[in-house]
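J.: One structure coming up, written as structure tokens, with questions to follow.
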Amino acid sequence: MKRLFLFLINNRCINQFWILIGKDNFVKKYQSNWAKLKYDESKSTQENVGFSHNKETQEAIDSVHKQLQASYLEHSNGNQVLDIGCGTGLYLVDFPDSAVLTGTDLSQELLKKAKNVVPKAKLLEGDFLSLNFDSNFDFIFSISVIEYVPPSKLNRLSQKVKLMLNAEGIVFIQYPHATTNEHLYYSDLSYVHYSPRKMEKAFVNSGFDIVSHVHSFDGRTLSGIKKDDKTYDPEKEKSFRNGAILIARKK
Ligand SMILES: C[S@@+](CC[C@H](N)C(=O)[O-])C[C@H]1O[C@@H](n2cnc3c(N)ncnc32)[C@H](O)[C@@H]1O
């Protein structure tokens, strides 16, 4: 019954209508609710945010950690760092001691764990789009979160990132990019695969220069393309290996 209900409210035809009238969040609400997540103590901090430790997932995750660290050292002009959707704080540990860390997340339970993982970080519970921050940042990043931002809010997100960055600040976004035509039609609003072209447009239109836009696992450039036909795990839509990293600088 629940499956039928979800199929009726979330499919590529009707989703165009929800997006058009700005109600795509309504569909998402019925499917993933991070705010109400119950932390499972029998699992690791990584499993609780949805990622296993199997070899292929771990390799892809390790590669994102490395790229995040390198990107901060290479591009950031300052030490004020914000993690949008920090979950259990697993990526906030990637920064040098001199960095001043802030994390935001919808889930109180995940943030409680993040406090143990990165005790020095300031952690704020709530939706990044509606949170108020005391000051601006030099480096804003987000890993595996954009898929939970509905299409009608993507531009709001890029605009808010711009607002919260200092001059020439950097944004680093890892997201599961579109690999099929179905994704381009938003066949599943509970887990959106944005096209690399759409992501670039959102940030360029909000006042960013693209620094780089590559496949997060093998480094191929994805700049300007609609979807990536070469996928590592075509059977597994939500594989961490089928992701992109967009790095952009505020103009
Ligand atoms: C798959 S988890 C990733 C957590 C962490 N970035 C990581 O990779 O370990 C997605 C996280 O995004 C958070 N999230 C989703 N939408 C958000 C929003 N609008 N504002 C803040 N956090 C959000 C969820 O609460 C969840 O913890």
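No value in this document is a laboratory result; all are computed from the given coordinates. What you see is a predicted model, and the numbers here were worked out from it, not measured in a lab. Here Cβ is always computed from backbone atoms with ideal geometry, including for glycine, and neighbour counts include all displayed protein chains.
J.: Taking only C-alpha pairs under 8 Å that are 6+ residues apart, what is the relative contact order of segment 12-133 in percent?
T.: Details: 130 pairs, mean separation 25.6, N = 122.
RCO, segment 12-133: 21 percent.
J.: Where does the charge balance sit around T88 when Lys and Arg score +1, Asp and Glu -1, over other residues with C-beta under 13 Å from its C-beta?
T.: On the way: positive: K43, K112, K113, K115; negative: D40, E41, E47, D83, D105, E109.
Cβ neighbours under 13 Å give a net charge of -2.
J.: Determine ³J(HN,Hα), in whole Hz, for all residues of segment 19-32 in sequence, where each value follows from phi through the Karplus function 6.51 cos²θ - 1.76 cosθ + 1.60 and θ = phi - 60°; x replaces Gly and Pro.
T.: After applying 6.51 cos²θ - 1.76 cosθ + 1.60, I find 5, 4, 8, x, 10, 5, 5, 4, 5, 4, 4, 7, 10, 10 Hz.
J.: Please check: in the Gaussian network model of the chain (C-alpha springs, under 10 Å), which one of R220, R241, R156 has the largest mean-square fluctuation.
T.: R220
J.: Assign one of three labels to segment 52-110, namely rounded, prolate or oblate, based on the Cα gyration tensor with a ≥ b ≥ c the square roots of its eigenvalues; rounded applies when a/c is under 1.5, prolate when it is not and a/b is larger than b/c, and oblate otherwise. Let's see the in-between values first.
T.: Working: a/c = 2.66, a/b = 1.17, b/c = 2.28.
Judged from the Cα gyration tensor, segment 52-110 comes out oblate (a/c at least 1.5, b/c at or above a/b).
J.: For the chain, modelled as a Gaussian network with Cα springs under 10 Å, which listed residue fluctuates most, P196, P96, P151?
T.: P96
J.: Moving on to the next point. Any idea what the relative contact order of the chain is, in percent, if you count C-alpha pairs under 8 Å spaced at least 6 apart?
T.: Working: 467 pairs, mean separation 49.8, N = 251.
Rounded, it is 20 percent for the chain.
J.: Also, quick follow-up: Using only the alpha carbons, work out the radius of gyration and Dmax of segment 2-250 in angstrom.
T.: Expressed in Å, the Cα Rg and Dmax of segment 2-250 come to 17.2, 52.
J.: Another one. Which ordering of H193, H183 is given by a fewest-first count of other beta-carbon atoms within 10 Å? If you can, show how the numbers build up before the last one.
T.: Details: H193 26, H183 21.
So the residues, fewest neighbours to most, are H183, H193.
J.: Charges on Cβ only, +1 for Lys and Arg, -1 for Asp and Glu, centred on the Cα centroid of segment 2-250; of F208, T102, L129, which one is farthest towards the dipole's positive end?
T.: The residue sitting most towards the positive pole is L129.
J.: Tell me, what is the Rg over Rh of segment 182-245, with Rh the Kirkwood radius over Cα pairs? Walk me through the numbers on the way to the answer.
T.: Working: Rg = 12.0 Å, Rh = 12.5 Å.
Here Rg/Rh amounts to 0.96.
J.: Still on this structure, please answer the following. 222 nm [θ] for the chain, helices only, -39500 (n - 2.57) per DSSP H run of 4+, per residue, to 500?
T.: Values: 9 runs with 83 residues, N = 251.
Result for the chain: -9500 deg cm²/dmol, rounded to the nearest 500.
J.: A further question follows. Suppose we flag GluC sites (Glu not before Pro) only when DSSP calls them loop and at most 15 other Cβ atoms lie within 10 Å. Which is the longest uninterrupted stretch of the chain? Intermediate results must be reported in sequence, preceding the final value.
T.: Numbers: sites that count: E41, E235.
Longest gap between qualifying sites, sites excluded: 42-234.
J.: Note down the magnitude of the dipole of the chain about its Cα centre, charges +1 on Lys and Arg C-beta and -1 on Asp and Glu C-beta and zero elsewhere, to the nearest 20 debye.
T.: Working: 33 positive and 29 negative charges, 163 e Å.
It comes to approximately 780 debye.
J.: Can you find, among L157, L222, I9, the residue farthest towards the positive end of the dipole of segment 2-250? Put +1 on the C-beta of Lys and Arg, -1 on that of Asp and Glu.
T.: I9
J.: Determine the relative contact order of segment 77-179: mean sequence separation of Cα pairs under 8 Å and six or more apart, normalised by residue count, in whole percent. Could the numbers behind the result be given before it?
T.: Working: 178 pairs, mean separation 30.5, N = 103.
Reported relative contact order: 30 percent.
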